[in-house]
Structure formats: structure tokens, C-alpha cells
1. For the chain, compute the number of Lys pairs whose alpha carbons are separated by less than 29 Å, excluding pairs fewer than 8 positions apart on the same chain.
2. List, in order, the whole-Hz ³J(HN,Hα) value for each residue of segment 26-40 obtained from phi through the Karplus relation with A = 6.51, B = -1.76, C = 1.60 and θ = phi - 60°; use x for Gly and Pro.
3. Would you kindly derive the ³J(HN,Hα) couplings of segment 112-123 from the backbone phi angles with the Karplus curve 6.51 cos²θ - 1.76 cosθ + 1.60 (θ = phi - 60°), listing them in order in whole Hz, with x for Gly and Pro?
4. Taking the Cα centre of the chain as origin, work out the dipole magnitude from +1 charges on Lys and Arg Cβ and -1 charges on Asp and Glu Cβ, in debye rounded to 20.
5. What fraction of the DSSP beta bridges in the chain is antiparallel, stated in percent and rounded to the nearest 5?
6. Report the accessible area of Ile73, computed with a 1.4 Å probe over the heavy atoms of all protein chains in place, in Å² rounded to the nearest 10.
7. Could you report the chain's accessible area per residue, 1.4 Å probe, as an integer in Å²?
8. Compute the relative contact order of the chain as a whole-number percentage, counting only Cα pairs closer than 8 Å that sit 6 or more residues apart in sequence.
Amino acid sequence: MTTPTRYVIGAADTECRYPVLLNGQFIGLVFRWHRAWFAVPAGLETEIRVSAGSIGKDAAARYLCDEFDAGRIAPHQKSPEATSPEKSSGPPPLLHPRMNKPHNEAAARVALSGLSDLDWEPLGGYPGADNPWFLRCTRCGWSGVKYWSHLRGRKGNPPSPFRHPGCTNRQKVSVG
């Protein structure tokens, strides 16, 4: 028998950060960056490396709950909405804020060209090949988190024909 979780992890924003709610109150954000999971307590900008791997998202959320229980963070009534995909207007930046260095621009342009060829639209700036990227499927409108390293094909192989669960247009993926 599994213990029910005390928290709810919300939908990702355009920077692929997930809000964590405890009793309906926002207590912080969790996100993945270079295979590690981080937590940002509500009201703070400090990123705390919590865990890695598949249990990382839940471990980061539990960390925020433990900090709340210990009285070290206070909940907020609302989670941040500034980078919500539904609230965004205009094109996304070329680079994710963590990648905003001139030497990353060439890789970002290659990835954007590849996304276009594969019928994906970025909703956030390029985060690097192995970091989560918030994208929209231009075939059916689905949006969610993908990784450029998974979309582009790996080790000389072509991209996978699998797009995302429930895609209404499962044409073969082909790169021009």
C-alpha cells in the first residue's frame, strides 16, 4: 500500500519549472537541470540541489514540504504566472535564461531549425540538448516538456517516429 502524497505538482511553465502546492498553497518550484533536481522555496530565489534521477521530482517536492513543516518557508497564495505558456505573448527568447551566453547561440539556432523540420514549436528558450524544453506539437497542438537530444535522433540514428501520447497526426518523422 502506497502512502498518498501530501502535495500536488502542477504543470510546467516555459522554463520547465513545476509549482508545488501543499494544502492548496504554493510552497515553491522544482525543476531539472543537467540530470539533477532542484527546489526553490516560495519567496526565495535560492536554488537547492536536492536529487538526481527518476525520483528527483518527488524528492524535490518532499524537500519543500519538509522545509514548510520545519517552519523555514512560508506558503504563498498563488504560484508565479509570469512564464506560463498560456500567458506568454510574442516569440520566446532564443536561449533559456540559464544558457544566455553568446557561445550557446549557434547550438540554439541548429536546434530551432531542427524543431521546425520536425513540426515542433518552442515555447521557451533553448536550454541545451539534455535539459527539458517546453514545446508545442504543430501537428495537433499538444504542449509539454521534451528534450532536444531525444528529438534530434541519437548516435547517428534518425529521430523516433513517436511524438507524444495522444498525437492526432502520427505521420513518420522526417528531417528535410
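The values are calculated or read from the model by the stated rules, or taken from the named source; none is laboratory data. As the structure is a computational prediction, the values presented were derived from the model and not from experiment. Cβ coordinates were reconstructed from backbone atoms using ideal geometry, including for glycine residues, and neighbour counts include every protein chain displayed. Remember, those area values only see protein heavy atoms, side chains included, never the ligands or the DNA or RNA. Shrake-Rupley method; radii C 1.70, N 1.55, O 1.52, S 1.80 Å.
1. Close lysine pairs found across the chain: 14.
2. Result, rounded to whole Hz: 6, 10, x, 10, 10, 7, 9, 8, 6, 6, 10, 9, 10, 10, 10.
3. Whole-Hz 3J(HN,Hα) from phi for segment 112-123: 4, 5, x, 4, 4, 4, 9, 6, 10, 10, x, 10.
4. Around 600 debye, computed over the chain.
5. Bridges in the chain that DSSP calls antiparallel: roughly 95 percent.
6. Spelled out: Ile73, probe radius 1.4 Å, area about 20 Å².
7. With the other protein chains kept in place, the chain gives 58 Å² per residue.
8. On the way: 306 pairs, mean separation 28.6, N = 176.
Value for the chain: 16 percent.
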